[in-house]
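What follows is a short report on a single structure.
The values are calculated or read from the model by the stated rules, or taken from the named source; none is laboratory data. Every value quoted in this text rests on a predicted model; they were computed, and no experiment measured them. Counting neighbours? That spans all protein chains shown, and the Cβs are built from the backbone with ideal geometry, glycine included. Protein only, heavy atoms only, side chains kept; ligands, DNA and RNA dropped before computing areas. Shrake-Rupley method; radii C 1.70, N 1.55, O 1.52, S 1.80 Å.
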Amino acid sequence: MAENGASGTARGNGLAGWLPILLAAGIFALFVSAVPEVARGEVLRWRLDWVPSLGVSLGILLDGLALTFALLISGIGTLVLLYSNTYLAGHAQYARFALFLTSFMLAMLGLVLADDLITLFVFWELTTLTSYLLIGFSHEQEGARRNALQALLVTAAGGLAFLAGLILLGFAAGTTSISGIVTQGEALTGHALYLPILILILLGAFTKSAQVPFHFWLPNAMAAPTPVSAFLHSATMVKGGVYIMARLHPALSGTDVWVWTLTIFGAATAVYASILALRQTDLKQALAYTTLMALGTLTLLLGHDSGYAMTAFATFLVVHSLYKAGLFLVVGCIDKATGTREAEVLGGLGRAMPVTALAAAVAALSMAGVPPLLGFISKELAYAGAVGLDTGAVFVAGAMLAANALMVAVAGIVALRPFWGRAGEMPRSPREAPWQMLAGPVILAALGAVFGLQAGLAQQALITPTVASLTGAAGDAKELKLWAGVNLPLVLSLATFTLGIVLYAAHRPLRRGLAAVFGRLPSLDAGWDRLLDGLKALAAWQTRVIQNGRLDSYLAATFATVLVGLAGIMLWTGLPGIAPSPVAPTWQQAAIAALILAGATLTMVTSSRIAAVAGLGASGIGVALVFILYGAPDVAITQLLVEILVVVLLAVVMLRLPRLTRDRFRAGHAALAAGLGATVTTIVLAVLTVPFDRRLTEYFEATSWPEAFGRNIVNVILVDFRALDTFGEIAVVVIAALSAYALLRQSGKGAEK
């Protein structure tokens, strides 16, 4: 289905269209200027104190890995913005679109350049937020809103686990500096917190990079306009999780749990997504599933630390970004020109769109891994790394062979059939896209060819520095070459082409068979909708139970929480030692205790609200007498005034309420009150066993008269030392009184009417 936007003209969007393009181009030029230094093995660092009190710095690290990602992000971002300026020419909301896309690009740059865990997480969440805005850009469509929310919730949930993992990682390493953490590999892998750190960080990475079983959100992100899909799927958001695994590879890799977790999940994602890609008829959906395949392959390669695996990872990272962005932009040109993306309808576009056809062919050949393109070199390196494994070589090589063969078939479906196949009934007559839309696919396809023919250029500028970031030694990088002789990787490549051609020739019956099979399997995407429905039902039930409008329920819940919290703290820290001396109470103390108990008992058993309030008042008066007995008359006066005011106000209100029921005594409430009273009493008695610290007492005794001219220390504390606090309390009381007066006055007017 064609997307909304202006017709394929080159009108552009004026200043709002060109400013982001120039900004992205300037950033790309800045990173290009850093290539010679980083290629020589230098690591560039900048650090600025952000929150000095917490030791948080805004650190920037530019090494081979960061520079490769930064070049891909800013370079492809420039081409996508140029493409978008024409693709969405005249769109009423283009300024908003450009703002979202530029913000997303800057957030991704912040993520890959961050040299501090806190800074990294801030930009990690910014990518989540901006991608949500981009996926839901066409917010008038229900599907776009639903898919944007799905992407937000899945990646944000993973982000919470990721944050916990970063906190534990910083604690274990003793620093939040990433450049300091990656040097502590042996110490971290042997740390007691290694397993929880690994699980939490991989949860964040797997949700961001859509590894099985979190893969379902990524194809739904196709609700975004095609330029967004090209950017998100090539070098940005979905590779955020891959970047984290690569960045922390020196610190967390090398253990069996790392190797097998990344190998199994990466292989499962690559093969499963490739099968699903063959099933699609919408070209954007097919490319979306091939992105999953690439993410799975990158994860699989990161599971190992051999020179071949690391070189294959770095090479495939660049290869995938180039061909995937180019193919998405090609699909956008096809969609704009014909009004459809359906593979079963498209055909014969080669004559009407020769430049687009050429760009699509080169990019698709790189995706299929055909020589002399860089994709072939990357595939050879991956096979060499797989067959060289000590354990699991057959499993890894088999998964790669299956996924790569399926990619050959999908490459034919995306780039061969629409241009050279038999045409169906297309909504519009095709024509070549404007140069602004062709620039991206042509440049990206050409880079794939140039880097294949001149592999040394890519090796020196990008691949070797990236491998050095992963392994710590530039010498670990393997040489990129088109011909490595007759060997097992070459045999696997020939098997890939053969099997891929067979799959392409039989893709229609295979697609029908896959549709029948997957139609009977449970859908994680549909399961997501049921999960949200269940959460809404749970929230509604919880609201009915907790927010039931009964004050006694609210009070019971509050006091129960306090009781559980206090009891839990005592159990966690150890029961306090209590050794009260058995001293017989005086008759005054006994009389006051009897008054308090009598008031509490009356409150529990009476069926009269007035009597219950009077019982509470009697208990309050008993507390006031305690203050008087121990020499605090001012506090006692305050207590008495409060009790009198509460009794009077409640009595006035309760005269209009019905009498309490006879069976109002509740064993649960009584047990709660007794438990809370016993717990608080235990804590008070425990406090009394601790030596009294008189430092504050002595300070107030010494300064109340010389500095505040008051002999009543309590009054001086309230009025002078805690003046703002007391003023705030008075303000609260005044506001409450005015609010009560306004409500009573309004109620009185209503009664008169």
Subject >> Residues located in segment 724-753, provided they are surrounded by 10 or more Cβ atoms within 10 Å (Cβ to Cβ), among the charged types (D, E, K, R) and at pLDDT below 75 >> reply: Arg745
**OP:** Can you tell me which residue among Leu163, Leu195, Leu152 is farther than 27 Å from Arg45 by Cβ and without any contact (Cβ under 8 Å) to a residue 60 or more places away in the chain?
**Re:** Leu152
Original post:
Scanning for something open to solvent by 50 Å² or more (accessible area, probe 1.4 Å), closer than 29 Å to Trp217 by Cβ and in a helix (DSSP H, G or I), does segment 180-195 turn up at least one residue?
Top reply: yes
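Being at pLDDT below 85 and not hydroxyl-bearing (Ser, Thr, Tyr) is the filter; apply it to segment 521-539 and report the residue that is farthest from Ala273 (Cα to Cα). Spell out the reasoning first.
Residues of segment 521-539 that are at pLDDT below 85, as a first pass: 521-526.
If we keep only those that are not hydroxyl-bearing (Ser, Thr, Tyr) too, we end up with 521-522, 524-526.
Details: Leu521: 15, Pro522: 16, Leu524: 14, Asp525: 14, Ala526: 17 Å.
The qualifying residue farthest from Ala273 (Cα to Cα) is Ala526.
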Original post:
Hey, does segment 315-338 have a residue that's of a type in the set (D, E, K, R), touching a Lys or Arg at 6+ places or on another chain (Cβ under 7 Å), touching a residue at least 24 places away in the same chain (Cβ under 8 Å) and over 26 Å from Gly77 (Cβ atoms)?
Top reply: no
**OP:** Could you grab me the full set of residues in segment 620-637 that are open to solvent by 20 Å² or more (accessible area, probe 1.4 Å), at negative phi and free of Cβ contacts under 8 Å to residues at least 60 places away in the same chain?
**Re:** Ile621, Val623, Leu625, Val626, Phe627, Ile628, Leu629, Tyr630, Pro633, Ile637
Original post:
When segment 226-266 is examined, which residues are found to be touching an Asp or Glu at 6+ places or on another chain (Cβ under 8 Å) and either on the phi < 0 side of the Ramachandran plot or among the basic types (Lys, Arg) (or both)?
Top reply: Thr226, His249, Ser253
Subject >> Boolean, Gly59 is of a type outside the set (Lys, Arg), over 26 Å from Leu168 (Cα atoms), touching a residue at least 24 places away in the same chain (Cβ under 8 Å) and not in a helix (DSSP H, G or I) >> reply: no
Original post:
How many residues, within segment 108-131, are buried (at least 24 other Cβ atoms within 10 Å of the Cβ) and either among the aromatic types (Phe, Trp, Tyr) or under 16 Å from Ser74 (Cβ atoms) (or both)?
Top reply: 5
Original post:
Does at least one position in segment 587-605 carry a residue that is loosely packed, with under 12 Cβ neighbours inside 10 Å, polar (S, T, N, Q) and over 30 Å from Ala667 (Cβ atoms)?
Top reply: no
Original post:
Take the residues of segment 12-60 that are among the basic types (Lys, Arg) and touching a strand residue (DSSP E or B) at 6+ places or on another chain (Cβ under 9 Å): which is farthest from Pro434 (Cα to Cα)?
Top reply: Arg47
Original post:
Which residues, counting only those in segment 451-488, are among the hydrophobic types (A, V, I, L, M, F, W, C) and free of Cβ contacts under 8 Å to residues at least 12 places away in the same chain?
Top reply: Leu457, Ala473, Trp483, Val486
Original post:
Just a yes or no: is a residue in segment 477-500 part of a loop (DSSP other than H, G, I, E, B) and among the aromatic types (Phe, Trp, Tyr)?
Top reply: yes
**OP:** Of the conditions (1) under 18 Å from Gly303 (Cα atoms); (2) in a helix (DSSP H, G or I); (3) open to solvent by 10 Å² or more (accessible area, probe 1.4 Å); (4) at pLDDT below 90, Phe265 clears all except one; give me its number.
**Re:** (4)
Original post:
Here is a list of conditions, (1) of a type in the set (Ser, Thr, Tyr); (2) loosely packed, with under 11 Cβ neighbours inside 10 Å; (3) modelled with pLDDT under 85, and Tyr554 meets all of them except one; can you say which number that is?
Top reply: (2)
Original post:
Out of (1) of a type in the set (A, V, I, L, M); (2) modelled with pLDDT of 90 or more; (3) surrounded by 18 or more Cβ atoms within 10 Å (Cβ to Cβ); (4) over 30 Å from Asp256 (Cα atoms), what's the single condition that is false for Met400?
Top reply: (4)
Original post:
Restricted to segment 268-298, and to residues that are outside any helix (DSSP H, G or I) and not acidic (Asp, Glu), which residue is surrounded by the fewest Cβ atoms within 10 Å (Cβ to Cβ)?
Top reply: Thr281
**OP:** Scan Ala516, Ala560, Ala540, Ala526 and give me the residue that is touching a residue at least 60 places away in the same chain (Cβ under 8 Å) and either open to solvent by less than 70 Å² (accessible area, probe 1.4 Å) or assigned to a helix (DSSP H, G or I) (or both).
**Re:** Ala560
Original post:
Of all the residues that make up segment 78-100, how many are under 24 Å from Ala337 (Cβ atoms) and part of a helix (DSSP H, G or I)?
Top reply: 13
Original post:
How about segment 689-724: which of its residues are more than 19 Å from Val635 (Cβ to Cβ) and in a helix (DSSP H, G or I)?
Top reply: Arg695, Glu698, Tyr699, Ala702, Thr703, Trp705, Pro706, Glu707, Leu724
Original post:
If Leu232 satisfies every condition in (1) at pLDDT 90 or above; (2) open to solvent by less than 10 Å² (accessible area, probe 1.4 Å) but one, which is the exception?
Top reply: (1)
Original post:
Residue check, Arg431 against (1) in contact with a helix residue (DSSP H, G or I) (Cβ under 8 Å, 6 or more places away or on another chain); (2) crowded, with 16+ Cβ neighbours inside 10 Å, all met but one. Which one?
Top reply: (2)
**OP:** Would you please list the contacts, defined by Cβ atoms under 6 Å and residues six or more apart or on different chains, that run from a residue in segment 78-98 that is over 13 Å from Gly332 (Cβ atoms) to a residue that is open to solvent by 20 Å² or more (accessible area, probe 1.4 Å) and acidic (Asp, Glu)?
**Re:** none
Subject >> Complete set of residues in segment 139-160 that are surrounded by 18 or more Cβ atoms within 10 Å (Cβ to Cβ) and of a type in the set (Gly, Ala, Ser) >> reply: Ala144, Ala148, Ala151, Gly158, Gly159
